[in-house]
Amino acid sequence: MTAPVPVVVLDDFQDVALSVADWSPLAGRAHVVRYTDHLDDVDALVARLADAAVVVAMRERTSFPAPLLARLPRLRLLVTTGTANAAIDLPAAAAQGVVVCGTAGGTAAAAELTWALVMALARDVVADDRAVRAGRWQEHLGIELAGSTLGLLGLGRIGAVVAGYARAFDMEVLAWSENLTAGRAAEHGARLVDKAGLFAGSDVVSVHLRLSDRTRGLVGPAELRLLGPGGRLVNTSRGPIVDEAALLAALSAGTIAGAALDVFDVEPLPVDSPLRSAPRTVLTPHVGYASRQSYAAMYGQAVEDVVAWLDGAPVRVLSAG
């Protein structure tokens with residue numbers, strides 16, 4: 001009888017992986033071990049994964065660069081929740097014979113969290129909540145979304161849903177990304193502009209781009225100056241797309257009205273990060289994709305990926321191309 005395949009589930013911070021999905025299809029075929037903590041120490045991580053033939057990674061919480069993969073000779077399948085993962089070196093995995101598979105899910109959750117942050121930022125919800133709890137009253141004056149302009153930096157799956165929300169709130173929608181066409185923008189009720197025009201013409205800018213060498217630091221001092229003292233920035237995409245130092249400077253100087261961030265350069269956000277005390281901010285712990293429904297879909301499909309691989313027919317394989 002073949003021994004069960006060792007499967008390790010990493011970074012289950014919210015302790016939900018084994019309860020939101022049905023893992024019974026792996027009964028007798030795999031031995032699943034789940035961890036709710038995160039390891040930054042590479043040697044400790046290698047020790048944790050030394051016997052694993054399969055690893056299920058939650059998004060980009062743990063990186064799998066080539067040097068780490070080389071120290072995991074028993075690894076044969078790496079499943080990531082999501083349709084892409086910039087923290088996995090796909091060419092190195094392929095060269096080592098490691099199959100990398102993904103999952104779907106999370107679009108609605110991410111779009112809804114984005115809109116929650118847009119509204120919280122527009123009406124100073126967090127600051128007013130703190131003021132009331134401290135015994136103060138009516139200290140802040142927000143803006144109405146109706147008649148305002150939303151700028152979408154990226155109009156992919158999530159950005160397109162957010163554009164629909166904006167139209168429902170009677171907002172004008174501008175959009176820009178490097179390869180976006182006027183036709184694609186018009187399909188979603190948006191008007192294509194250049195990047196400078198997006199920041200200069202928007203009351204709120206929301207980031208919906210994948211992190212890459214081209215997008216890293218894309219929102220910097222120049223863009224924030226164009227956004228201006230009445231402008232607000234929302235980032236639910238990836239932290240390094242926004243120049244953190246430039247954002248902190250703009251918030252401190254009051255040259256933008258505020259920022260709502262679900263993503264950061266380093267996650268979890270360090271306890272000494274200056275963002276924790278930055279004025280006019282709303283901060284959430286990278287939970288844009290994290291809902292009960294999205295987790296059920298992601299982990300459920302992760303089980304499907306493992307079963308398909310065990311059956312010799314991997315599905316949702318991610319390509320290095």
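Length available on full extension from residue 284 to residue 84: 0.36 nm per residue minus the Cα-Cα distance, which gives 69.8 nm. Angle of helix 244-253 to the longest C-alpha principal axis of the chain, folded into 0 to 90 degrees and rounded to 10: 30°.
For residue 56, the amide hydrogen comes within under 5 Å of the amide hydrogens of 8, 9, 10, 79, counting only partners 5 or more places away or on other chains and with H modelled in the peptide plane. Measuring from a point 7 Å past the Cα of residue 252 along Cα-to-C-beta, which residues in the stretch 261-297 have an amide N at less than 17 Å? 272-281, by backbone N distance to the label point. About its Cα centre, the stretch 107-283 has a charge dipole of approximately 80 debye under the convention of +1 per Lys or Arg Cβ and -1 per Asp or Glu Cβ, with nothing else charged. Across the stretch 76-110, the residues whose backbone nitrogen lies under 14 Å from the label position 7 Å along the beta-carbon direction of residue 38 are 87.
R0 = 45 Å: FRET efficiency of residue 3 with residue 108, Cβ-based, nearest 0.05?
Numbers: r = 40 Å, r/R0 = 0.88.
The computed FRET efficiency comes out at 0.70.
In nm, what is the difference between 0.36 nm times the number of residues separating residue 245 and residue 119 and their Cα-Cα distance? Contour length minus the Cα-Cα distance gives 42.9 nm.
Going by average Cβ density within 10 Å per residue, which order do the peptides 26-32, 250-256, 103-109 take, highest to lowest? Don't skip to the answer; put the middle values down first.
Values: 26-32: 15.1, 250-256: 17.0, 103-109: 19.3.
Listed from highest to lowest mean packing, they are 103-109, 250-256, 26-32.
For residue 179 and residue 66, a Förster radius of 35 Å and the Cβ-Cβ distance give a FRET efficiency of 0.80, rounded to the nearest 0.05.
According to the square roots a ≥ b ≥ c of the eigenvalues of the Cα gyration tensor, what is the shape class of the chain, taking rounded for a/c under 1.5, prolate for a/b larger than b/c otherwise, and oblate for the remainder? Here the chain falls in the prolate category. Does the stretch 101-168 come out rounded, prolate or oblate, given a ≥ b ≥ c as the square roots of the eigenvalues of its C-alpha gyration tensor, rounded meaning a/c under 1.5 and, failing that, prolate meaning a/b above b/c? The shape class here is oblate. Using a cutoff of 8 angstrom between alpha carbon atoms and counting only pairs six or more residues apart, the relative contact order for the stretch 107-283 works out to 19 percent. Contact order for the chain, expressed relative to its length and based on alpha carbon pairs under 8 Å spaced 6+ residues apart, stands at 19 percent. Based on the reciprocal of the average 1/r between different C-alpha atoms, the Kirkwood radius for the stretch 10-117 equals 15.0 Å. Suppose only helical runs count, i.e. DSSP H with n ≥ 4. What mean residue ellipticity at 222 nm does that imply for the chain under -39500 (n - 2.57) per run, divided by all residues and rounded to the nearest 500 deg cm²/dmol? About -9500 deg cm²/dmol.
As a calculated quantity, the FRET efficiency between residue 307 and residue 271 at R0 = 41 Å, using C-beta atoms, amounts to about 0.55. Placing +1 on the Cβ of every Lys and Arg and -1 on the Cβ of every Asp and Glu, with no other charges, gives the chain a dipole of roughly 280 debye about its Cα centre. Taking packing as the residue-averaged number of other Cβ atoms within 10 angstrom, the listed peptides 126-136, 286-296 run from highest to lowest as 286-296, 126-136. Label point of residue 22 set 7 angstrom out along Cα-Cβ; within the stretch 263-295, no amide nitrogen lies under 13 Å from it.
Quick note: the coordinates plus some simple rules give every number you see, no bench work behind them. In this text, all values refer to a predicted model and were calculated from it rather than measured experimentally. Cβ: placed from backbone, ideal geometry, glycine included. Neighbour counts: every protein chain shown.
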